[in-house]
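The values are calculated or read from the model by the stated rules, or taken from the named source; none is laboratory data. All values reported here derive from a predicted model rather than from experimental measurement. Quick reminder, even Gly has a Cβ in these numbers, built from the backbone with ideal geometry, and neighbours come from all protein chains shown. When the accessible area is computed, the model is the full protein with side chains, heavy atoms only, and any ligands, DNA or RNA have been set aside. Shrake-Rupley method; radii C 1.70, N 1.55, O 1.52, S 1.80 Å.
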Amino acid sequence: MSNLKVTIVIPVYQVEDYIESCLTSVVNQTYSGEIECVVVDDCGTDSSWQIVEDFISEYNGKIDFKLLRHTGNKGLSAARNTGMDHASGEYIYFLDSDDEITPECIERLAKPLENCKYHFVTADFTIVGGRPVATYLKARGEYKSGIKEAYYRKEWNVTAWNKLCNIDFLRRHNLRFKDGIIHEDILWSFYLANFAKSMYALEDKTYIYNSRSSSIMGSMNLKDS
């Protein structure tokens, strides 16, 4: 479904060592459809945003970058919500600014949508710098029921990232990220599991998670969260 427009949302905060690699992974996508990338500045104190602006100013390609800035630091949840509010794609993909996606990420996640407008499509991921695990994703193929049960069995990842979500579905059920809590992905994924009526799970590893001891995710077990 090459005519499907996808919005990638990247919240940016204190990631000067990672953000260029993150953006590079976006512009290297093999997906033939339209990609919009919404980058949200959450007002860090390092050079992250300058790197973003320099990167975009030198970029000359088909991806439509939209740069947004908060007036002050509001946190990851607020930055993702801002990106969602300004997304114009039919599907939305959340990418953390210290991580990367594989070149075929969006292409592979969008492939199942040629046959069905699933509420979301998810896939597996690779960890760099952390404890290697053969696979995190246990779910496989199409789900038209049992999504919540698979969530409780921890068969699909309770992260916001590496999911291609139908944005009308998210907006219709007001599936936004709650401010002021830790591990907001778990709560968001719980509501996603409760409302979603269709899901497709790919065994492909389409996301590269950079494990950092200073990050929130770096201090939690991704399988047991």
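Is at least one residue of region 89-105 touching an Asp or Glu at 6+ places or on another chain (Cβ under 7 Å) and open to solvent by 50 Å² or more (accessible area, probe 1.4 Å)?
Taking every residue of region 89-105 in turn, none turns out to be touching an Asp or Glu at 6+ places or on another chain (Cβ under 7 Å) and open to solvent by 50 Å² or more (accessible area, probe 1.4 Å).
I need a count of the residues in region 3-43 that are open to solvent by 20 Å² or more (accessible area, probe 1.4 Å), of a type in the set (Ser, Thr, Tyr) and farther than 11 Å from Ile101 by Cα.
Looking only at that region, the number is 4.
Pick from region 139-150 the residues that are assigned to a loop (DSSP other than H, G, I, E, B) and without any contact (Cβ under 8 Å) to a residue 60 or more places away in the chain: which of them is least open to solvent (accessible area, probe 1.4 Å)? Steps first, answer last, please.
Narrowing region 139-150 to residues assigned to a loop (DSSP other than H, G, I, E, B): 139-140, 144-146.
Filter again for without any contact (Cβ under 8 Å) to a residue 60 or more places away in the chain, leaving 144-146.
Working: Lys144: 116, Ser145: 88, Gly146: 29 Å².
Checked region 139-150; the qualifying residue least open to solvent (accessible area, probe 1.4 Å) is Gly146.
Count, please, the residues in region 151-177 that happen to be modelled with pLDDT of 95 or more and either in contact with a Phe, Trp or Tyr (Cβ under 7 Å, 6 or more places away or on another chain) or open to solvent by 10 Å² or more (accessible area, probe 1.4 Å) (or both).
The qualifying residues number 16.
Only one of (1) under 12 Å from the mean Cα position of the chain (by Cα); (2) without any contact (Cβ under 8 Å) to a residue 40 or more places away in the chain is not met by Asn115, so which one is it?
(1)
In region 80-136, what residues are under 24 Å from Glu155 (Cβ atoms) and of a type in the set (Gly, Ala, Ser)?
Ala110, Ala123, Gly130, Ala134
Give the residue that is farthest from Thr122 (Cα to Cα), with candidates limited to residues of region 178-203 that are within 15 Å of the chain's Cα centre (by Cα) and surrounded by fewer than 18 Cβ atoms within 10 Å (Cβ to Cβ).
His183
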